[in-house]
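J.: Handing you a structure now.
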Amino acid sequence: MSTTITPTRDRTRPAARGRLTAGGILASEWIKIRTVRSTIWCFGILILLIVGIGMLIATLTEVGDQSFDADTSRSLSVLIGTAGVNVAVLIAAVLGALIITGEYSTGMIRSTFTAVPRRTGAVLAKIVVLTVTTFVATEVGVWLAVLATAPILSGRGVEVQLGHPSVVMPLLGAGVYVALIALLAFAVGAILRSTAGALATVLGLILVAPVVLAILAGLTNAEWIATVNSLLPQNAGAQLYQYAPSIDVPVPVGPDGQEPPRATGVILNGWGGFGVLAAWNAVVLALAFVLVKRRDA
């Protein structure tokens, strides 16, 4: 007589589960952003616009027999290399909003938060991937624009000094500026969960608000309006890629020898502009994190 022994499972040992890691979450977000066709197109257009606008301005710039000192030559290099940034930043804003609002519109956000129940890790991974890829794409466009226009400028007597700190810093600042605007659009998208609403808010803040406040400041000469205008994301962030001359620029004066009255507001340098734009992002992102944690997906 034989006895059949049925193997029993050790019920004290938990079943094997997949381990959730920061690297895994980052990898999943990287796969999402590089496999979506619209994202690739956005980055491609962003790079082409920066290079194309820079080439166009370099080609159309007439210098004649004028000779340029080193400071003016470096200023022209920065100006032409970053000429397309004001247009490229609009594409980055659209991309930043779409990365989060697209998941809400398709319902994919529920799968994302199911895989990452605490939600914070998923949002942080999106932020890292969006910021790094936008910065890299912008820098590729800016440096390609500078390298492509360098022979044109050199042939017109403009000495291009790509290794000079006063040239390198604004070129790097352009990438930081575009990445932070994309991040701001992402945060607004996480708050509103609507592509149209996020784009209307961010583009209005970038395009409409500076113009309206500049007109009001010019009409009223109110210092506080000019100050508010200087602290808007567009105007503050633009200081990141402005060339800082090594010599003092004379202040224009009126016929009576006095400086005409004007509302200037707060004057920011590159680091000040970065601080203001970072503060905008910190406040909006903090609100976005709170709402993402509290609301249903």
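All of the numbers you see were taken from the coordinates with simple rules; none came from a lab. This is a predicted model, so every value here is computed, not measured. A quick note on method: Cβ atoms are made from the backbone with ideal geometry, for glycine too, and the neighbour counts reach across all protein chains shown.
J.: Ranked highest first by average number of other Cβ atoms within 10 Å, how do 145-157, 188-200 line up?
T.: Highest mean packing first, the order is 188-200, 145-157.
J.: Given q = 0.35 Å⁻¹, what are the Debye log10 I(q)/I(0) values for the stretch 138-177, with equal point scatterers placed on the Cα positions and solvent ignored?
T.: Per q value, in the given order, log10 I(q)/I(0) is -1.13.
J.: Still on this structure, I have one more. Could you tell me what fraction of 2.2 N^0.38 Å the Cα radius of gyration of the stretch 164-252 comes to, as a two-decimal ratio?
T.: On the way: Rg = 15.9 Å, N = 89, 2.2 N^0.38 = 12.1 Å.
Normalised Cα radius of gyration, the stretch 164-252: 1.31.
J.: Arrange the peptides 124-132, 162-170 so that the one whose residues have, on average, the most other Cβ atoms within 10 Å appears first. Kindly include the intermediate steps, with their values, before the conclusion.
T.: On the way: 124-132: 19.6, 162-170: 15.6.
Averaged packing, sorted descending, gives the order 124-132, 162-170.
J.: Still on this structure: Return the long-range amide H neighbours of Val266 (sequence gap of 5 or more, or a different chain), with a cut-off of under 5 Å between placed amide H atoms.
T.: Here the answer is Thr227, Ser230, since their amide H atoms fall under 5 Å of that of Val266.
J.: Still on this model: What do you get when you divide the Cα radius of gyration of the stretch 23-140 by 2.2 N^0.38 Å, with N the number of residues? Kindly include the intermediate steps, with their values, before the conclusion.
T.: Details: Rg = 19.2 Å, N = 118, 2.2 N^0.38 = 13.5 Å.
Its radius of gyration relative to the 2.2 N^0.38 Å reference: 1.43.
J.: What are the extents of the Cα atoms of the stretch 146-211 along their three principal axes, in Å, largest first?
T.: 50, 22, 20
J.: Give me a comma-separated list of calculated 3J(HN,Hα) values for the stretch 145-150, in order, Karplus coefficients 6.51, -1.76, 1.60 applied at θ = phi - 60°, integers in Hz, x for any Gly or Pro.
T.: Whole-Hz 3J(HN,Hα) from phi for the stretch 145-150: 5, 5, 5, 6, 8, 4.
J.: Once each part is reduced to its C-alpha centroid, what is the distance from the stretch 281-297 to the stretch 183-214 in angstrom?
T.: With the stretch 281-297 and the stretch 183-214 each reduced to a Cα centre, they are spaced 16 Å.
J.: Each residue of the stretch 73-84 in turn: what ³J(HN,Hα) in whole Hz from Karplus with 6.51, -1.76, 1.60 and θ = phi - 60°, glycine and Pro shown as x?
T.: Each residue's phi maps through the Karplus curve to give 5, 5, 4, 5, 4, 5, 4, 6, x, 10, 4, x Hz.
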